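Novice: Take this structure first; my questions come after.
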């Protein structure tokens, strides 16, 4: 399995794909920023013009979710067959995911302050996302308290799987049970044509894609940097 | 040996070890009594909400200390012996059951201590004890799993506190909600939705821990 993936990642086709991937990401961001700052937003009850924040708040969280999903999959792959590169990749995915989650949290606070008047409204999804960030920060702390790399990688992979399951429960299952300000949770209807009409939907959907691609790009760059650093330090060039 | 016999044997082993060296449980008891005495000195008039919150805070902090020593006492040879003879799952389940019993006893002692020192709030419904039971089960699942993770690390019990507190928080939110309803008098049938969510959370944590524990113990 790994030798096949190694061949794919070393091939020329993959590097041309990456170039296209980055060009598309930049194009999406030019579109989002350009159109997002200039479009006419519809006036929605309660939210009114602050619906504009949905362009950057939700995609940041989706980017974080995607990176943590990737970290989860790689943790399982590490437990099946350990390789040091996978461990580095997991660590970088969690790091970048934490940054995106922090940004999502801050933008959510900004949105709440303008719309509902307080920075942290008593909302179950806000609490659940704060707890998720704490769980993944505890993952980073866990990594620092081991000396031996193999043991560190294995135990942090186990904790990563545990914390991803907890994240799924906290962010997706729990808010549906309780009352919440977020759409789709706690008795509110899901995102529908009442909330967003044709003006905001294409920007929103391409933003979801764009931020996820950006998260993957940043994590990839960090991974390659850390891997090179590791190889230079340990003289691992094969 | 069947699984039940193995678990019963391991449990009786744990109880014997605890009875011989009573230092651990005595230190936890002293911890609980000291905290309740501090509460006695700090608060004059405690109503049900505050009492409930203080009760669960005391239980949370004492559970971190109580379960921290779960996996620490054994040498490498001992661990390998248990791993090969009994198998990791049975070992894990026996630790969980032992920690649950320990935490439940500690919860009862905390209730008595708070009744004496802080305020004798009359508990109007069985829902309170049901929430204590579910809470001790959940705490035992979480703390045992985290103690297994932290036992391998150098930092010891501070790491255990750091790892366990974020995961404890949602459970604590539900427990506070359900137990205050129990103190004030709702019946079990009224809060069945919350109880189901709590049981679901317990089950989720247990299944994640059960699947992952053998990987932790391969060393």
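The values are calculated or read from the model by the stated rules, or taken from the named source; none is laboratory data. In this text the structure is predicted, and so the values were computed from the model without any measurement. When we count neighbours, we look across all protein chains shown, and the Cβ atoms used for this are built from the backbone with ideal geometry, even at glycine.
Novice: Condition first: within 11 Å of chain A (Cβ to nearest Cβ) and free of Cβ contacts under 8 Å to residues at least 40 places away in the same chain. Now tell me which residues in segment B:166-193 satisfy that. Break it down stepwise before answering.
Specialist: Of segment B:166-193, the ones within 11 Å of chain A (Cβ to nearest Cβ) are B:166-174, B:177, B:193.
Hits for segment B:166-193 are B:166, B:167, B:169, B:170, B:171, B:173, B:174, B:177, B:193.
Matching residues to (1) more than 12 Å from chain B (Cβ to nearest Cβ); (2) surrounded by fewer than 21 Cβ atoms within 10 Å (Cβ to Cβ):
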| residue | (1), (2) |
| --- | --- |
| A:83 | yes, yes |
| A:98 | yes, yes |
| A:108 | yes, no |
| A:117 | yes, yes |
| A:129 | no, no |
| A:132 | no, no |
| A:137 | no, yes |
| A:152 | no, yes |
| A:160 | no, no |
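Novice: Here's something else I'd like to know. Check residue B:21 against each of (1) touching a helix residue (DSSP H, G or I) at 6+ places or on another chain (Cβ under 9 Å); (2) closer than 30 Å to residue B:89 by Cβ and name the one condition it does not meet.
Specialist: (1)
Novice: Do you know which residues across segment B:151-164 are at pLDDT below 85 and farther than 9 Å from residue B:64 by Cα?
Specialist: Answer for segment B:151-164, where residues must be at pLDDT below 85 and farther than 9 Å from residue B:64 by Cα: B:151, B:152, B:153, B:154, B:155, B:156, B:158.
Novice: Oh, and also: Among the residues of segment A:100-124, count how many are under 20 Å from residue A:170 (Cα atoms) and under 20 Å from the mean Cα position of the chain (by Cα).
Specialist: Residues meeting the conditions: 11.
One line per residue, one yes/no per condition, for (1) in contact (Cβ under 8 Å) with a residue 24 or more places away in the chain; (2) surrounded by fewer than 20 Cβ atoms within 10 Å (Cβ to Cβ); (3) under 21 Å from residue B:157 (Cβ atoms); (4) within 17 Å of the chain's Cα centre (by Cα):
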site	(1), (2), (3), (4)
B:27	yes, yes, yes, yes
B:32	yes, no, yes, yes
B:53	yes, yes, no, yes
B:61	yes, yes, yes, yes
B:70	yes, no, yes, yes
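Novice: Looking at this structure, is residue B:196 within 18 Å of the chain's Cα centre (by Cα), more than 25 Å from residue A:146 (Cβ to Cβ), within 12 Å of chain A (Cβ to nearest Cβ) and surrounded by fewer than 20 Cβ atoms within 10 Å (Cβ to Cβ)?
Specialist: Here the answer is no, as residue B:196 does not meet what is asked.
Novice: Would you confirm, using the coordinates I've provided, whether residue B:96 is within 14 Å of chain A (Cβ to nearest Cβ) and in a helix (DSSP H, G or I)?
Specialist: Here the answer is no, as residue B:96 does not meet what is asked.
Novice: Anything in segment B:163-192 that is within 27 Å of residue A:144 (Cα to Cα) and not in a helix (DSSP H, G or I)? List them, or say none.
Specialist: None - no residue of segment B:163-192 is within 27 Å of residue A:144 (Cα to Cα) and not in a helix (DSSP H, G or I), so the list stays empty.
Novice: On to the next question. Which of (1) out of contact with any helix residue (DSSP H, G or I) (no Cβ under 7 Å at 6 or more places or on another chain); (2) in a helix (DSSP H, G or I); (3) within 14 Å of chain B (Cβ to nearest Cβ) does residue A:122 not meet, given it meets every other one?
Specialist: Tallying (1) out of contact with any helix residue (DSSP H, G or I) (no Cβ under 7 Å at 6 or more places or on another chain); (2) in a helix (DSSP H, G or I); (3) within 14 Å of chain B (Cβ to nearest Cβ), residue A:122 fails exactly one: (2).
Novice: For the list (1) surrounded by fewer than 21 Cβ atoms within 10 Å (Cβ to Cβ); (2) within 14 Å of chain A (Cβ to nearest Cβ); (3) within 21 Å of the chain's Cα centre (by Cα), I need the number of the one condition that residue B:214 fails.
Specialist: (3)
Novice: Can we say residue A:146 is in a helix (DSSP H, G or I) and within 12 Å of chain B (Cβ to nearest Cβ)? It would help to see each step written out before you state the result.
Specialist: On the way: in a helix (DSSP H, G or I): no; within 12 Å of chain B (Cβ to nearest Cβ): yes.
Considered against the rule, which asks whether it is in a helix (DSSP H, G or I) and within 12 Å of chain B (Cβ to nearest Cβ), residue A:146 comes out as no.
Novice: Quick check on this structure: which one of A:219, A:166 is modelled with pLDDT of 85 or more, within 14 Å of chain B (Cβ to nearest Cβ) and within 30 Å of residue B:153 (Cα to Cα)? Show your work before the answer.
Specialist: Details: A:219 fails: within 14 Å of chain B (Cβ to nearest Cβ).
None of the others qualify; the one that does is A:166.
Novice: On to the next question. Does residue A:197 fit the bill of being within 14 Å of another protein chain (Cβ to nearest Cβ) and at pLDDT below 85?
Specialist: Details: within 14 Å of another protein chain (Cβ to nearest Cβ): no; at pLDDT below 85: yes.
Here the answer is no, as residue A:197 does not meet what is asked.
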